[in-house]
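The values are calculated or read from the model by the stated rules, or taken from the named source; none is laboratory data. Fair warning: this is a prediction, and the values are worked out from it, not measured in the lab. Using ideal geometry, Cβ is built from the backbone for each residue, glycine included, and neighbour counts are taken over all protein chains shown. Each accessible area value is taken on the protein alone, full model and side chains, heavy atoms only, with ligands, DNA and RNA left out. Shrake-Rupley method; radii C 1.70, N 1.55, O 1.52, S 1.80 Å.
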Amino acid sequence: MSDQEHQEERYEDTELYRIRHSAAHIMAQAVVELMPEAKYTIGPPIENGFYYDFDLPRTLTPEDLEKIEKRMRQIIAANHKFERKVLTAEEARQVFKDQPYKLELIEGLEQGGMDEYGNPLETKPEISTYTHDTFVDLCRGPHVESTRQINPSAVKLMQVAGAYWRGDEKNKMLQRVYGTAWKNATELEQYLWQLEEAKKRDHRKLGKELQIFTFDEEVGPGLPLWLPRGGVIIDMLEDLARELETKAGYDRVRTPHLTKEDLFIRSGHLPYYAESMYPPMELEGVKYYVKPMNCPFHHKIFASQPRSYRDLPLRLAEYGTCYRYEKSGELMGLMRVRSMQMNDAHIYTPEDLFEQEFMAVIGLYQQYFDIFGIDKFVMRLSTHHKNGLGKKYVDNERLWLKTEDMVRRAMSNGGVPYKEVPDEAAFYGPKIDVQIWSAIGREFTLATNQVDFAVPERFNLTFINREGQEETPLCIHRAPLSTHERMIGFLIEHYAGNFPVWLSPEQVRIIPITDGQNDYCVSLMKQLKDLGIRASADLGADRMNAKIRAAQLFKVPYMLVVGGREVETGVVSLRKRDGSRADGMPVSEFIALVQQRIATRSREL
RNA sequence: GCCCUCAUAGCUCAGUCGGUAGAGCACAUUCUUGGUAAGAAUGGGGUCAUGGGUUCAAAUCCCAUUGAGGGCUCCA
């Protein structure tokens, strides 16, 4: 994996990077010209474009963006050179004496401590500026040599957004202008076209069109309502999970949505994560909380009887519904919601079986990914950071290091490629997220897998080991199918609404050519339904062509067109969602086809 | 939570300069009985998100609230 990375040119070294970086400077010049009081901060290239953050006396309007963009083209056309200059901190302070944010950056550079985001740097950097036309910016580069190397018809400003100075919500909110820049107009158009295509596949749009879920203002933000078609998809996912988990030795349990405060004090959720929980309700002087996680309940089930090493690993699984108070601005379709049903399980294992159990979970992920046709994924191992001990993280550095090491060892022994992300662990242990991408390039963190060395102890969970002594088990939290919400949001985009047959809410739609075949269609539908196939018959007043179109738009995998000929000979004319046709197919043959697709959870039509 | 943008029929959207609403699809009825992505006619359907304000007059202008979207922050 690392070999590949070295072969690919780093983004920082590409021409596009220099173009975008330079476009950001040019944009800053245009903004400063428009509002001379502007304080400018940082403006890096990003994936597909660039941004620049400003502190401005007033809000930028869409009309301002047009003006800025126009002015940018003029600056580009004037062909100004980008000139680099190295200077001392004192000189730099002189140049940027009216730019408080730049002064703060210089401070950081001078101490050799911080980059523009306030993160520590390893080596003390040089202080340099880049100047083009009238605009001087504190910048390490690199840039194009002159503005003409930017294609003015391949640059476009996209939107204004808020962003905190140095990404810290305690700091001032700045105005961030996003732009995109490419080598030529064709590339820009291609990019804009991709954005349009992405919108068509967006799960929020398709979810509404295909009647999978809805939100209602009166129910509340982030609280999805699953429509009957969504309900079918949920049932199918649960069947799948039940099937594979049963084979893998899981036991299914069920737990309440509510619990007394005491449970979450013991688990550590209240001290660490009260902010993300719905506030308590008080009954007879006792506080109750709706659960943000299922684990404390499972721990109690573990504790409900004495455990022997012979009982372990104990794997408790539940599709438990949790509630988390996500901040209002963080909600997004099905991807970030406030009520979610998790494909949850907790595996209690002695330390010596950890690696085996951990790898079994990874194996389960891979089985799911095969079924859904997910071939690109990255395992991210999130570890703790010393500074967070006792705050974000349980204060036991020895166990942190030990567990993180166990996970690393398990993954490298098992040949699982992963990348490490420091300081993003769960409060009770290292976390392994599986990151995947939907067909429209949206990044999803779906599956998650956490190793908990802390909470079992808080719950006094023990088992009697071979030596007859009490021992505390490790707990693996895992959710390969994530939550129904996020998983189905992903699947909608992954399949663009064209669900494989086994997942399709409606598998077969029977379409009569005239109403003379209605009775036959109804009995055919009943026959299919009796076999557990999700079939419907469209007996409306529309013409056959319109019915086919409707079924097609609804992305029903199989349409059975039935006219006089079919009724007489007991066959159907099969039209698949992809437009292919098989006329004169015996009903039994069609049934065999559907049943095969369903039984094997085939991705084929 | 913060910044910006948006909210008109079930859906997608139009509505000019402030003069109390329109289209297509969907739905219902009727005609049509048809061979693989829209047959036709007629009809019903809107306190223009909610609450205030300005005005002779508000979908339109202003304020607040609610919800959504794009970001930031956060994401057990």
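Residue-wise HN-Hα couplings along segment A:550-557, as the Karplus relation 6.51 cos²θ - 1.76 cosθ + 1.60 with θ = phi - 60° gives them from phi, are 4, 5, 4, 5, 7, 6, 6, x Hz; Gly and Pro carry x.
Output the Kirkwood hydrodynamic radius of segment A:320-372, Cα pairs only, in Å rounded to one decimal. Mind showing how you got there, number by number?
Numbers: mean 1/r = 0.0721 Å⁻¹.
Taking the inverse mean of 1/r over all distinct Cα pairs, segment A:320-372 comes out at 13.9 Å.
Between the helical axis of A:484-495 and the longest alpha-carbon principal axis of chain A there is an angle of about 90 degrees. With 0.36 nm allotted per residue and the present C-alpha distance subtracted, the A:Lys172-A:Met158 stretch has 2.8 nm of extension available.
Working ranking of peptides A:516-523, A:273-280 by packing, defined as the average number of other Cβ atoms within 10 Å per residue, highest first, is A:516-523, A:273-280. Along segment A:256-272 the Karplus relation, 6.51 cos²θ - 1.76 cosθ + 1.60 evaluated at θ = phi - 60°, assigns HN-Hα couplings of x, 7, 10, 7, 5, 3, 3, 5, 7, 5, 5, 5, x, 5, 5, x, 8 Hz to successive residues, with x for each Gly and Pro. As a calculated quantity, the FRET efficiency between A:Glu467 and A:Leu227 at R0 = 51 Å, using C-beta atoms, amounts to about 0.35.
Residue ranges A:492-499, A:89-96, A:410-417 sort as A:492-499, A:89-96, A:410-417 when ordered by packing (mean number of other C-beta atoms within 10 Å per residue, highest first). Annotation: amide H-H contacts under 5 Å for A:Leu174 (H modelled 1.01 Å from N, sequence separation of 5 or more, or interchain): A:Ala163, A:Tyr164, A:Trp165. The relative contact order of segment A:501-599 comes to 31 percent, based on Cα pairs under 8 Å that sit 6 or more residues apart.
Close amide H pairs (under 5 Å, H built 1.01 Å from N) link A:Leu474 with A:Thr349, A:Glu351, residues at least 5 positions away or on another chain.
Rounded to two decimals, the Cα radius of gyration of segment A:11-184 over 2.2 N^0.38 Å is 0.97. The residues of chain A expose, per residue, 49 Å² of accessible area to a 1.4 Å probe. Convex hull volume of the C-alpha atoms in segment A:477-605, normalised per residue: 112 Å³. Adding -39500 (n - 2.57) for every DSSP H run of four residues or longer, then dividing by how many residues chain A holds, sets the calculated 222 nm ellipticity at -11000 deg cm²/dmol.
To the nearest 0.05, what FRET efficiency results for A:Arg543 and A:Thr600 with a Förster distance of 35 Å applied to their C-beta separation? Don't skip to the end; give the middle numbers.
On the way: r = 36 Å, r/R0 = 1.02.
Step by step, r from the Cβ atoms, then E = 0.45.
Averaged over all directions, how much area does the convex hull of the C-alpha atoms of chain A cover when projected, in nm²? Could you put the intermediate results ahead of the total?
On the way: hull surface 139.4 nm².
Taking a quarter of the hull surface, the average projection is 34.8 nm².
A protection proxy built from the mean count of other Cβ atoms within 10 Å ranks the segments A:152-164, A:321-333, most packed first, as A:152-164, A:321-333. Cα centroids of segment A:247-285 and segment A:144-208: 41 Å apart. Close amide H contacts of A:Ile513 (hydrogens built in the peptide plane, cut-off under 5 Å, sequence separation of 5 or more or a different chain): A:Val562, A:Gly563. Available extension along the chain between A:Asp239 and A:Arg408 is 57.6 nm, counting 0.36 nm per residue and deducting the alpha carbon span. The lysines whose alpha-carbon is closer than 20 Å to the alpha-carbon of A:Lys124, local same-chain residues fewer than 8 away aside, are A:Lys85, A:Lys102. Legend: calculated FRET efficiency, A:Glu218 to A:Glu197, from the Cβ-Cβ distance at R0 = 41 Å, rounded to 0.05, equals 0.75. In degrees from 0 to 90, rounded to the nearest 10, what is the angle of the helix A:587-599 Cα long axis to the longest principal axis of chain A? The helix A:587-599 is inclined about 50 degrees to chain A.
Please check which bits of segment A:21-43 a label hung off A:Asn79 would reach, taking the label as a point 7 Å along Cα-to-C-beta and the cut-off as backbone N under 20 Å. Taking a point 7 Å out along Cα→Cβ of A:Asn79, the residues of segment A:21-43 whose backbone N falls under 20 Å are A:22-23, A:26.
What are the semi-axes of the equivalent ellipsoid of segment A:206-495, taken as the square roots of 5 times the eigenvalues of the Cα gyration tensor, listed largest first and rounded to whole Å? Show your work: numbers first, answer last.
Working: eigenvalues 170, 112, 73 Å².
Result for segment A:206-495: semi-axes of 29, 24, 19 Å.
Entry note, segment A:318-414: relative contact order of 22 percent, from Cα contacts under 8 Å with a spacing of 6+ residues. Full extension of the chain between A:Lys392 and A:Glu443 yields a length gain of 15.9 nm, computed as 0.36 nm times the residue separation minus the alpha carbon distance. Taking 18 Å as the straight-line reach from the Cα of A:Lys547, the lysines in range (excluding those fewer than 8 positions away in the same chain) are A:Lys555, A:Lys576. With all protein chains in place and a 1.4 Å probe, the accessible surface of segment A:338-417 carries 47 percent carbon and sulfur. Helix A:100-110 and the longest principal axis of the Cα set of chain A meet at an angle near 90°.
Pairwise Cα distances in segment A:517-569 exceed 14 Å in 56 percent of cases. Compute the label zone of A:Lys97 within segment A:31-54: residues whose backbone N is under 19 Å from the point 7 Å along Cα-to-Cβ. Under 19 Å, as judged by backbone N against the label point of A:Lys97, lie A:37-40 of segment A:31-54. Measuring nothing but protein heavy atoms, the accessible surface of segment A:11-184 at 1.4 Å probe radius is 48 percent carbon and sulfur.
Relative contact order for chain A: what is it in percent, counting Cα pairs under 8 Å that are at least 6 residues apart?
Numbers: 1065 pairs, mean separation 58.4, N = 605.
Over chain A, the number comes to 10 percent.
By DSSP, the beta bridges lying fully in chain A are antiparallel in about 85 percent of cases. Here the 3J(HN,Hα) profile of segment A:570-585, calculated from phi with Karplus coefficients 6.51, -1.76 and 1.60 at θ = phi - 60°, is x, 10, 10, 9, 8, 10, 8, 4, 7, x, 6, 9, 9, 7, x, 8 Hz, Gly and Pro shown as x.
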